[in-house]
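Note sheet for the following structure.
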């Protein structure tokens, strides 16, 4: 009995020799197992099939593994305990990251079982902030091939490249061109580490089968001369494609992708500023598309702001916002706040007037020369600030906070310490509950340290950060620091999109994700000031996000799946779990 063709179960394809010999089935009692004709030693080399010391005696006999493995047949729990002991033996976070990646390349099930058991401890290791170090050192810590590499030298063969993916039923891709990596900019080939990390979170947080995921490196070169001169650099050695050549490259990739995997969810990752907006708008109707830096960041910040309104009992419409940092993330946050304000009854124009966007040149005004297109919709009318400064002068962050009566500081600038004591105290004078979101990654780039913010505001602030910070003890109280991590949004969003087979990711689906996450924060945590769930609740949070996304997709008319009434149970049944399934010998082995 073969399993139903659910999204999480890879489909067989004659284009892939591996998949002709590996299939997931159900026995007569409905229990899943794997059937394969692959030889035993190959099983131990394939991360999705390798059970290591957990191969049973029957499996060892059937696949010729007798005498090739240690005598003891380990349980998965024993393997997790052994791996955790190894993990704790490494001294630095980067060493721990390398260990976890090597473990994933050996056994996907063991990797995710370990991650599931220690998610709060290991999330910062496999993703932010440690992944920034892994990106910078990628050409030195590279161990094992993972993902698809597309470059100007092989783009002519893109159709055959997509045919050669390890598993044929790719449903989720994270692709980067490496130009806007986190807060550290152009990293050349190293950006592939971000794609691998993001896909790990899709699986760990939302149960998306790793067999349907694919990281993609769009290696279009780098402007970093130090990388081009590095003898160990793994990327193509050329300056970045720009202009029409770049656009043509991306177009060829997406059109080929749409032919091969027409319903794939494509997440554009860490593209720089204008390119991020252009690529998303150009292709979001070609294949279901998501830019996490723009849309995921916006959705997770809106969720935190909505949770803050539950705590303060001050609606979003009574807030005035400064967004410090006008890249893809900053503008994405502004757009999502505008949608949130509109949902609460404000007009588009009035909502935009509540948001003051600041970049490296200061407050963004409509009369600025050379203003980038993606910033124009959020530029303020110069008449609004006419009395703030001498004519022609640009207001600073502090002056904007004072004059505009700002109640919410949102940092996406990558500038460490940008929210100093004078700025935070100025916000606190405008509201009984100052909102301070220091969201830049990695930790070293955070605009403020939570402990300082609580001290400067006498414990009144509602604080969130982008990277993990310890809870703060102040004046006899413990304040949990909520982490506004996009991982609370994009895995659940992806699960929802794949489950309902949405043909597009709509703005409404993103807002629904924000609302679901904000409502998931429990009352006790909210009373202490925590604006996001604990990281060890991320899987259940992702399920709630997915449910909201599916329901909104149905409302928006973009869902193409036939869905049961008991949607929550349906989701739970279809979320991949890290367990070793029995393996049986198939024909031809």
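Read-outs throughout are calculated quantities, based only on the coordinates presented, and are distinct from any laboratory measurement. Nothing here was measured: the structure is a model prediction, and the numbers come from that model. Methodologically, a virtual Cβ is constructed for each residue, glycine included, from the backbone with ideal geometry; neighbour enumeration extends over all protein chains shown.
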By what distance, in whole Å, do the Cα atoms of the chain stretch along each of the three principal axes, largest value first? 82, 57, 50
Classify segment 374-515: rounded, prolate or oblate, from the alpha-carbon gyration tensor (a ≥ b ≥ c, eigenvalue square roots; a/c under 1.5 rounded; otherwise prolate if a/b is larger than b/c)? oblate
Taking Cα centroids, how far is segment 322-384 from segment 514-589 in Å? 32
If you average the sequence gap of Cα pairs under 8 Å that are 6 or more apart and divide by the length of segment 91-287, what percent do you get for the contact order? 24
So if R0 is 30 Å, what FRET efficiency would residue 282 and residue 229 give, r being the distance between their Cβ atoms, rounded to the nearest 0.05? 0.35
Debye intensity ratio in log₁₀ form over the Cα atoms of segment 107-173, taken at each q of 0.11, 0.27, 0.29 Å⁻¹: -0.43, -1.16, -1.18
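Of all beta bridges DSSP finds with both residues in segment 295-487, what is the antiparallel percent, to the nearest 5?
Working: 5 of 24 bridges.
Counting DSSP beta bridges with both partners in segment 295-487, the antiparallel share is about 20 percent.
If a/c stays under 1.5 just call it rounded; otherwise compare a/b with b/c (prolate if a/b is bigger, oblate if not). Do that for segment 374-423, with a ≥ b ≥ c from the square roots of the Cα gyration tensor eigenvalues.
Details: a/c = 1.93, a/b = 1.33, b/c = 1.45.
It is oblate, given that a/c is not under 1.5 and a/b is not larger than b/c.
Taking Cα atoms of segment 298-342, Rg/Rh with Kirkwood Rh, to two decimals? Walk me through the numbers on the way to the answer.
Working: Rg = 10.3 Å, Rh = 10.7 Å.
Reported Rg/Rh (Cα atoms, Kirkwood Rh): 0.96.
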So how far, in whole Å, is the C-alpha centre of segment 156-173 from the one of segment 75-92? 34
Would you mind pulling out the separation of the Cα centroids of segment 459-474 and segment 268-283, in Å? 32
Evaluate the distance, in nm, between pseudo-label points positioned 7 Å from the Cα of residue 478 and of residue 310 along their respective Cα→Cβ axes. 2.1
Cα atoms only, segment 471-566: Rg and Dmax in Å? 15.5, 54
In percent, what relative contact order does the chain have, based on Cα pairs under 8 Å that are 6 or more apart in sequence? 15
How big, in percent, is the set of alpha carbon pairs in segment 91-287 lying more than 31 Å apart? 15
In degrees, nearest 10, the alpha-carbon axis of helix 76-88 is tilted away from the dominant principal axis of the alpha carbons of the chain by 50
Just to confirm the number: angle between the C-alpha axis of helix 297-312 and the first principal axis of the chain, 0 to 90 degrees, nearest 10? 60
Antiparallel content of DSSP bridges confined to segment 91-287, in %, to 5: 5
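In segment 109-220, what is the volume of the convex hull around the alpha carbon atoms, normalised per residue and reported in Å³? Before the final figure, lay out the partial values.
Numbers: hull volume 11.9 nm³, N = 112.
Per-residue hull volume (Cα only) is 106 Å³.
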Taking 476-485, 377-386 and ranking on average Cβ neighbours within 10 Å, highest first, one gets 476-485, 377-386
Peptides 294-303, 50-59: what's the order by average Cβ count within 10 Å, highest mean first? 294-303, 50-59
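Per the Kirkwood definition applied to all pairs of different Cα atoms, how many angstroms is the hydrodynamic radius of segment 295-487? Intermediate values should be presented prior to the final figure.
Details: mean 1/r = 0.0604 Å⁻¹.
Answer for segment 295-487: a Kirkwood hydrodynamic radius of 16.6 Å.
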First measure r as the distance between the Cβ atoms of residue 84 and residue 569, then evaluate 1/(1 + (r/R0)^6) with R0 = 41 Å and state the FRET efficiency to the nearest 0.05. 0.80
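Under the classification rounded if a/c is under 1.5, otherwise prolate if a/b is larger than b/c and oblate if not, where does segment 29-115 fall, given a ≥ b ≥ c as square roots of the Cα gyration tensor eigenvalues? Let's see the in-between values first.
Numbers: a/c = 2.02, a/b = 1.89, b/c = 1.07.
Prolate, since a/c reaches 1.5 and a/b exceeds b/c.
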What does the highest-first list of 66-79, 228-241 look like by mean Cβ count within 10 Å? 228-241, 66-79
Relative to the longest principal Cα axis of the chain, at what angle does helix 93-106 sit, 0 to 90 degrees, rounded to 10? 40
How much of the DSSP bridge set in the chain is antiparallel, in percent, rounded to the nearest 5? 25
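Under 8 Å for C-alpha pairs, at least 6 residues apart: give me the relative contact order for segment 405-464, rounded to a whole percent. Before the final figure, lay out the partial values.
Values: 112 pairs, mean separation 24.6, N = 60.
41 percent.
What area, in nm² and to one decimal, does the C-alpha convex hull of segment 164-277 cast on average over all directions? Display every interim value, and only then the final one.
Numbers: hull surface 31.4 nm².
Averaging across all directions leaves 7.8 nm² for the Cα convex hull.
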